[in-house]
Each structure stands twice: as C-alpha cells, then as structure tokens.
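Notes for the one structure printed next.
Rule-based calculations on the coordinates, nothing more; no lab input. For clarity, every value in this text was computed on a predicted model and none was experimentally measured. Methodologically, a virtual Cβ is constructed for each residue, glycine included, from the backbone with ideal geometry; neighbour enumeration extends over all protein chains shown.
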Amino acid sequence: MLGAWLTRGLVMAVVHAAAMTLLAKWSVFHPTGQTLFTSLTIAVLVGLAALWSAIDGWRGLRDRGRAWFIASLVAGVCSGILYVIGRAIFVDQTGVSELGAALTGGAAFSALLVLVPAGLGLFVGGRMRRPAETSDEESAAPEPDDEDEDGAGSRSGELELPPSPAPRTAPKPSPVSRPAANRARRRPTVAGRSPAPRNR
C-alpha cells in the first residue's frame, strides 16, 4: 500500500512539474501562442493519470482508490515545490516568494488533474475483464453429457445400479422323466381278452 501511492504520487509530481516548467518556458518565447500548447499539455497529463489508473483497475490492485487519492495529494504538493525549483533553474530564477502560490492554487490544480481522471480510469478499468478470468469461467462451465445410441443419456453424479437378475422359474418336468405308471395307464382287462390299445 505504501509503495503504491508513493510511487504514483512522486511520478505524477515529476511529470506535472516538468509540464508546468515547459509551459513557463514556452510562454517566454511565445507569449501569444500558448493556447494550443497548454491544451495539449493538459490532455497528456489527464491521459497519463487515466491510463495508469485504468491499468490498476484492470489488474485488480488492492486499495487502488485510496492509493490514487493519497497519490493525488502527494502529487499536488510535490509538483508545486518541484515547479518552483525548475522554474528558478530553467526559466527566470524565481525565488522562494513563488512557493506560497505554488503550494496553494497550483497544488490544488495539479491534485485535481490527477484525482479526476484517476477516478474515471478506475471506474472503466474495474469493469474490464482479464483474459485469465474469462478462460477460467469458460473452463468452469459444465459440459453436456454424451447421449447413448438409444437416446438415453447418462447423468453424471448418479449411481448406476446393475440390472436385477430375472426370477428363476422351476423347470417343467419332461415327459421322459415321468414314471411309467403316469405316462401309460392301462385299462383293466377282462379274462380272455387282451387290453384294448389306448388312443393317443
């Protein structure tokens, strides 16, 4: 957490101080043509903060909102100090008297140029899905079960019981195994006559 807001605050402070020093240098040589250059400089500063914060939102950085809020305050104060130093060295040898204005109005303007686009970038970047998350969601989706040839699909997670054996029936006795008395019944004979043949 400490490294996140400190890194972003110092980097944005250096960038803002360098941009304001370049604007001051440009105004010395081109006092009437400052509108276009000033607009391009502000656009670059806004785009840098928005892009960096959008990447943090896309990556899912922990406490990214608080980190960018503190970074905007650090960038405002530090950029004001660095701007006075840079202007004193490269432009017109500004003294310590300019430090009060740089730490009030200049610092507040720089802090807003960091905070507002950073909030927009976090909002947009937080709603962008990472490729790894998309592939994980696709792999976690259940796959449909393959159906058998007869049209009855097997359901995953259900225990398949083996088919119950068919009930056994007692085999019917064959005619050969019957006793002879049951297979052939003879009529009683009369004396002197042979038994009549049985109709089959």
task = Report the normalised scattering of the stretch 1-100 as log10 I(q)/I(0) at q = 0.10, 0.13, 0.23 Å⁻¹, calculated by the Debye formula with identical scatterers on the alpha carbons.
result = -0.33, -0.53, -1.15
ask   = Given a Förster distance of 30 angstrom, what is the FRET efficiency for Val44 paired with Ile81, based on the Cβ-Cβ distance and rounded to 0.05?
value = 0.90
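May I ask for the net charge around Gly125, where only other residues with Cβ less than 10 Å from the Cβ of Gly125 are counted and Lys, Arg are +1 while Asp, Glu are -1? Could the numbers behind the result be given before it?
Details: positive: Arg59, Arg64, Arg127; negative: Asp56.
Taking every other residue near Gly125 into account, the sum is +2.
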